[in-house]
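Just below is one structure, and these are the notes that go with it.
None of the figures in this text is laboratory data; all of them are computed from the coordinates on show. Fair warning: this is a prediction, and the values are worked out from it, not measured in the lab. No Cβ is skipped: glycine too gets one built from the backbone with ideal geometry, and neighbour counts run over all protein chains shown.
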Amino acid sequence: MSQKISIDPITRLEGHGKIEIFLDDRGNVKNAYLQIPELRGFEQFCVGRPVEEMPRITPRICGVCPMAHHMASTKTIDAVYHVQPTETAVKLRNLVYDAYMLEDHLLHFFFLGGPDFVVTPSAPAAERNILGVIGKVGLETGKKVIDTRRKIRNIITHLSGRVIHPVSGLPGGVSKGLDEEKRQEFLKWARESLEFAKESLGIFNKVVLENQKYVELITGDIYRHQTYYMGLVDENNKVNFYDGKIRVVDPAGVEIAKFSADNYLEYIAEHVEPWSYMKFPFLKKIGWKGFEDGKESGVYRVAPLARLNAADGMATPLAQEEYERMYATLGEKPAHYTLAFHWARLVEVVYAAEHLVQLLQDSSITSPDIRRLPTQTPDEGVGVTEAARGTLIHHYKTDENGIIRAVNLIVATVGNSAAMSMSIAKAARSLIRDGKVDQGILNMVEMAFRSYDPCMACATHHLPGKMPLLIRIHDTDGKIRKIIER
Amino acid sequence: MPKPKFGFYWCSSCGGCEEAIVDLNEKILDVAEQVDIVFWPCAMDFKYSDVRSLQKNEITAVFINGAIRSSEQVEMAKLLREKSQFVISFGACSQLGGIPGLANFWDRQSIFESSYGSKCPSIDNPENIRPQIHSQVAEGELDLPAFHNTVKSLDQVIEVDYYIPGCSPAPYLTMQAIEAILSGKLPAKGSVLAPDVALCNQCSRKDSKPEKLTIGKVERISLVSADPERCFLDQGIICMGPVTRAGCTNDGEGRCIRVNMPCRGCYGPPSEVLDVGAKMTSALATIIGLQNEENAREEDIQKILDQIVDPAGTFYRFSLPVSLLRRKFI
């Protein structure tokens, strides 16, 4: 008798989702599917809009990382208008972008991914949240999380108008500059954030790395996939969030492609399945071979660990030190351990904070030269950034009046869509045996997708209360055989 | 006495409304002390069956964000209506259809085509597969919710008691609304819980708006350097301030305007405005003129009007599903 386990809706990810796990006669996992039951159709309804409105429309794809879309879109309209932003504008864009990466990543550690480790994966669900983390690390640290988030988000509000759906990006620059008084204030906040970034890594070291069980969990086989990795790198092949070339390494770490975003269609294609509204991007030259890992399959991964895997290092000193320490401990590069995404995320937090300090130490950032007006006829452009959740590509075509004719988007989280399905299936296969499913096991299946940072990081685990998960085990004729609730 | 129960749900939305709740910062912990959250799928693991098992009206207030586009969203909205004393429409998508509502310029087929069909340049779909409500995989059957042709606002599907506007709602307005619910000091049913005046009335650039506004030439923000202190409309830049409700910041300054970008109307219209597009068109018709109004000819005025790119997509940026147009018929 075949059975199906439904987790519907899966919770704590950006948007809606469900997981279907099929069991065989003996209650072992045959396969699992991550289904995304939603589509909004931005590619179509942006047609007809003036291109300069895109940085204000596309952030609505994701309200958790609207800055990523705002910035990718702003860079795309630079390209559409063939205008280079001024040097100051690039600094200011980097400033708000680092601020976004910093607060987004930090919050993921404390609010979403962290609780699994800091509180333990099998803790009662009601404790596995931010309050549980505060219980472990102390109220002072908890207050610092909220305080850091507020200050960093204030930087974004000041320069971009709003954190949830920024508006300051224009072709050739930004709409608002920074004055000296604010620079000094923000520099102070940036330094405090850097200290807090270090503290956060310290917590990770103490709680996770000094616990042999966790180290075994991270470096075990349950959460391991050998895939290709993609990320933006600068001219020295160091991780860059704002600009550079897209680099791809194979499962052995060998560079197989390095290209400018303009050429993305030569390298990336998207597969469609009838059972999800989400598409499955893959490396075009390798081809779609199904939900498989290894060198023969075109499945690639994006986001923090993938970025570090695809690069040769970090551009700031302390982040570089932490990068080296991470790979030395994991014992391989590229590191294929999905749970190490959490660690890589904290290395990036340190980088973002260091880079933020560097940008604000440079008094030239207060120059009023924030805009270069477009003079050429708009036509077509591609823009790329590294969103918190991976490589993000926008591509617009316009008429000569700058009205959108076509839009294509390769959205960051989607880059991991095939890998997330594979990770869930593998974790389920490893953990659900002979029909035995309990709460701890279910949370460990969920940890497989949580590593990728399903977007709801900041809104998650915020409130006390029970965190139930309902699993229905069906017979093949659809009758509910067993209900497990937590 | 048992604590009042609150629920949060999202329909077709981006998650920004959820972030806007987290932006209450420490205050959210005070709220959590005063109420029991019984449903919040994006943040907590309550399932649909938890809601089904509640009594009628057992939830004091449910905050629903997002537009309505799928069968699942309709079903959930109806279920939450039944279980709740107050349904609060939270944010622009729920109130007005929001940005996802722009999809009403198109239909399901064209959206599928641009996402999964040959119009998408990165697609590799030789068998021309489209997502299906029911599909068969090797191990069994998988289901997806149906994707509707038209995006709707929440009140086109269920009765709504109050509205908190904005894309996304300002945390201070959310907090005021929560306090009003908890203290029972609520205004008339159907009210929008925000100031009922146009943004222009509170704008920091109000003094630079001339008594009689005239636009000689319509400018695009992408192609000019906007004066950071002067009224946008006076600069010829389309700003939705005249037809948009104030309240996006608690000091009255528009949050987009303060970084020198014009308003796009995410707070929806104040109550005196029935249709944003109609009102904005008439507002512009009065102010678009030539310096020498007596000699203005019809075709000159038309020439200026023609300079407004994408008037429908600009005026109805957040409100196409509740507009007089509702949708474009294809």
Which length gain, in nm to one decimal place, applies between A:S367 and A:E324 when the Cα-Cα distance is subtracted from 0.36 nm times their residue separation?
-> 11.9 nm
Arrange B:V31, B:V224, B:V38, B:V87 by Cβ neighbour counts within 10 Å, fewest through most, would you?
-> B:V224, B:V31, B:V38, B:V87
Using a Förster distance of 60 Å, how high is the FRET efficiency between B:D143 and A:Q376, based on the Cβ-Cβ distance and rounded to 0.05?
-> 0.75
Inter-probe distance in nm under a simple model that places probes 7 Å from Cα toward Cβ, at B:T286 and B:K119 = 3.9
Fewest first, what order do B:L223, A:L178 take by the number of other Cβ atoms within 10 Å?
-> B:L223, A:L178
Highest-first arrangement of B:99-105, A:77-83, B:249-255, where packing means the average Cβ count within 10 Å | B:99-105, A:77-83, B:249-255
Using 1/(1 + (r/R0)^6) with R0 = 25 angstrom and r between the beta carbons of B:L324 and B:Q302, what's the FRET efficiency to the nearest 0.05?
-> 0.70
Per residue of A:195-201, what is the mean number of Cβ atoms on other protein chains within 10 angstrom of that residue's Cβ?
-> 0
What relative contact order, as a whole-number percentage, does chain B give when Cα pairs under 8 Å and 6 or more residues apart are counted?
-> 18
Amide H neighbours of A:H225 under 5 Å, counting only residues 5+ apart in sequence or on other chains, H built in-plane at 1.01 Å?
-> A:T338
Return the average number of partner chain Cβ atoms within 10 angstrom of each residue Cβ along peptide B:143-150.
-> 4
Under a point spin-label approximation (7 Å from Cα along Cα-to-Cβ), what is the B:V197-A:E266 distance to one decimal in nm?
-> 5.9
Tell me, what is a quarter of the convex hull surface for the C-alpha atoms of chain A, in nm² with one decimal?
-> 21.4
For A:S175, B:S49, B:S135, ascending order of other Cβ atoms within 10 Å (fewest first) is B:S49, B:S135, A:S175
Per DSSP, the loop-located GluC sites (Glu not before Pro) within the range B:174-251 having at most 14 other beta carbons within 10 Å are B:E211, B:E229
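With n ≥ 4 as the cut-off for DSSP H runs, can you work out [θ] at 222 nm for the protein assembly as shown, using -39500 (n - 2.57) per run divided by the number of residues, rounded to the nearest 500? Don't skip to the end; give the middle numbers.
Numbers: 27 runs with 278 residues, N = 816.
Computed mean residue ellipticity for the protein assembly as shown: -10000 deg cm²/dmol.
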So what is the orientation-averaged projected area of the range B:199-322, using the convex hull of its C-alpha atoms, in nm²?
-> 7.8
Compute the distance in nm between two label points, each set 7 Å from the Cα along the Cα-to-Cβ direction, one at B:E253 and one at A:D234.
-> 3.3
Within a 10 angstrom radius of each residue's Cβ in B:116-123, how many Cβ atoms of other chains show up on average? Whole number is fine.
-> 6
Grab the other residues whose beta carbon is less than 14 angstrom from that of A:E380, score K and R as +1, D and E as -1, and report the net.
-> -2
If the cut-off is a Cα-Cα distance under 14 Å, which aspartates and glutamates reach A:K426, setting aside same-chain residues fewer than 8 apart in sequence?
-> A:E20, A:D221, A:E292, A:D293, A:E446
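If the limit is 30 Å between Cα atoms, which of B:K5/B:K279; A:K18/A:K258; B:K78/B:K119; A:K30/A:K279; A:K176/B:K185; A:K213/A:K245 go over it? Spell out each step's value before the answer.
Details: B:K5/B:K279 40 Å; A:K18/A:K258 35 Å; B:K78/B:K119 36 Å; A:K30/A:K279 22 Å; A:K176/B:K185 40 Å; A:K213/A:K245 38 Å.
Those over the limit are B:K5/B:K279; A:K18/A:K258; B:K78/B:K119; A:K176/B:K185; A:K213/A:K245.
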In a solvent-free Debye calculation with one equal scatterer on each Cα, what is log10 I(q)/I(0) for the protein assembly as shown at q = 0.04, 0.07 Å⁻¹, listed in the order of the q values?
-> -0.15, -0.48
Here the convex hull volume per residue of the range A:228-336, taken over Cα atoms and given in Å³, is 111
Mean separation of Cα contacts under 8 Å (6+ apart) over length of the range B:64-114, as relative contact order % | 44
Kindly identify the range B:217-277 as rounded, prolate or oblate by the Cα gyration tensor criterion: order the square roots of the eigenvalues as a ≥ b ≥ c, call it rounded if a/c is under 1.5, otherwise compare a/b with b/c, prolate if a/b is larger, else oblate.
-> oblate
Quick one: net charge of B:V273's neighbours, Cβ under 13 Å, K/R +1, D/E -1?
-> -1
Modelled FRET efficiency - R0 45 Å, A:Q212 with A:I256, Cβ distances, 0.05 increments = 0.80
Assuming 0.692 mPa s and 37 °C, estimate D for chain B with Stokes-Einstein, Rh taken as the Kirkwood radius over Cα pairs, in µm²/s.
-> 150
Hey, what do the phi angles of the range A:59-67 turn into as Karplus ³J(HN,Hα) couplings, whole Hz, using 6.51/-1.76/1.60 and θ = phi - 60°, x for Gly and Pro?
-> x, 5, 5, 8, x, 8, 10, x, 4
